[in-house]
Amino acid sequence: MAMAPEPTPYRKPGFFKRLRTGNLSDAQLGTLLLLPALLTLAAVMLYPMLTVAWQSLHFNRLNQPFRGTPFIGLDNFRRMLWGEGLIWSPTHLLVVRVVGLALLAPLLLAVRRRWLSRLSGVVLAALLVLLSVYVLGFHPGPDGSWSDPRFWNSFSITLLIIVVSVVGSFAMGLPLALLANVESRLRWLGRVALLLPWAMPRVFAGLTFAWLFQDRYGVVNDVLRHLGIQGPLWLARVTPAIAAVNVTIVWKTSSFVGLILLAGLQSIDASLYEAAVVDGANAWQRFTRITLPLLRPSIAVALIFRSLTAIQTFDIPFAMTRGGPGRSLETLGVYIYNTTLALNIGYAAALSVILFVISLVVTLVYLRWIYAE
């Protein structure tokens with residue numbers, strides 16, 4: 001009895017055959033439609049990023065063209081982060097490191113009680129160990145100076161602006177969003193108050209507040225004089241200048257946070273509040289049990305964008321003080337600009353890579369928080 005021939009296995013038609021016949025799958029059609037946008041992003045974003053990363057590995061000073069652009073590897077980053085001649089001492093900042101290591105105990109307890117996820121616990125533990133044992137253990141060598149104190153100064157100023165401006169913009173943006181969401185005939189005033197600072201160019205806002213904080217004829221010191229208070233030299237002293245710049249950044253960016261939160265507030269179903277009122281919940285309980293939990297995705301989005309713009313702060317400090325007095329307000333963005341003006345392209349590229357890494361880490365932390373919720 002003759003055996004029946006085995007059926008040939010079915011093979012799905014390939015992409016190009018489907019393309020010729022016009023029978024693309026949904027995934028293939030979506031990929032094909034996104035391909036022009038992906039190629040455009042690769043041309044305008046990926047290629048410049050890779051070029052900057054490659055330049056950061058070279059010695060490239062335009063005022064020394066006779067040396068060329070030799071490959072120096074990670075030397076720019078070593079000089080930036082660790083410097084020359086740094087030494088390690090087991091007793092240097094011993095108390096600070098011991099306290100930092102002691103914080104591992106409550107961190108372990110939080111993971112066991114499931115207040116934190118395991119991944120978050122591992123990341124925080126690694127940061128504590130790094131700060132407590134390694135980073136705080138290094139100090140300048142016999143010469144008593146870091147190789148690049150300007151980087152650490154700009155990094156610390158940028159970190160200060162991140163903390164103050166992000167917290168301040170959220171603390172101001174949330175009440176403004178709540179006021180703009182109140183059912184009233186005058187709520188358009190609150191929305192206009194949100195739109196005007198957001199629409200104002202950042203450089204123009206910096207120049208405006210530089211005039212307001214001018215020590216002789218500025219509005220702020222004039223008001224203080226009428227109150228019998230001698231106003232400080234706002235933009236000529238370190239501490240007042242830092243305060244003035246942070247106030248300007250918070251005023252400018254709180255409207256952006258408020259607009260995002262206002263959109264989140266308007267997406268909350270009003271029937272939830274009506275049911276809560278029927279159940280006897282007061283205004284504070286409705287805010288903490290309904291508004292804040294449902295507003296969490298909008299809060300995360302606002303904090304992501306606000307943190308990224310705070311990391312890359314350049315225009316307002318530069319417009320107000322040019323990074324001064326001295327270099328007290330030379331943020332990472334201003335330092336990169338000044339390094340480029342000094343024609344040190346390789347080192348400016350290394351600073352740009354560090355700025356990109358910081359932005360990427362902050363974004364990943366926020367995304368982890370969003371998806372964990």
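Listing for the model above:
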| item | result |
| --- | --- |
| Region 184-197, subset closer than 15 Å to Gln266 by Cα and among the charged types (D, E, K, R), residue farthest from the chain's Cα centre (by Cα) | Arg187 |
| Subset of region 216-251 (residues that are part of a helix (DSSP H, G or I) and under 12 Å from Met320 (Cβ atoms)) | Pro240, Ala241, Ile242, Ala243, Ala244, Val245, Asn246, Val247, Thr248, Ile249 |
| Positions within region 276-295 being part of a helix (DSSP H, G or I) and surrounded by 13 or more Cβ atoms within 10 Å (Cβ to Cβ), in sequence order | Ala276, Arg286, Phe287, Arg289, Ile290, Thr291, Leu294, Leu295 |
| Candidate set from region 53-82 (those that are modelled with pLDDT under 80 and either among the polar types (S, T, N, Q) or in the same structural domain as Asn338 (by TED's automatic domain parsing) (or both)); member that is nearest to Thr340 (Cα to Cα) | Asn63 |
| Sole residue being in the same structural domain as Phe314 (by TED's automatic domain parsing), at pLDDT 80 or above, under 22 Å from the mean Cα position of the chain (by Cα) and polar (S, T, N, Q), chosen from Asn181, Asn153 | Asn153 |
| Residue in region 335-356 that is buried (at least 19 other Cβ atoms within 10 Å of the Cβ), in contact (Cβ under 8 Å) with a residue 60 or more places away in the chain and under 17 Å from Val245 (Cβ atoms) present | yes |
| Where a residue in region 216-232 is in the same structural domain as Ala244 (by TED's automatic domain parsing) and its partner, wherever it lies, is surrounded by 10 or more Cβ atoms within 10 Å (Cβ to Cβ) and of a type in the set (D, E, K, R), with Cβ under 8 Å and at least six apart | Asn221/Asp215; Gly231/Asp215; Gly231/Arg225; Pro232/Asp215 |
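The values are calculated or read from the model by the stated rules, or taken from the named source; none is laboratory data. Bear in mind that the values here come from a model prediction, so they are computed numbers and not experimental data. All Cβ positions, even for glycine, are placed from backbone atoms using ideal geometry, and neighbour counts span all protein chains on display.
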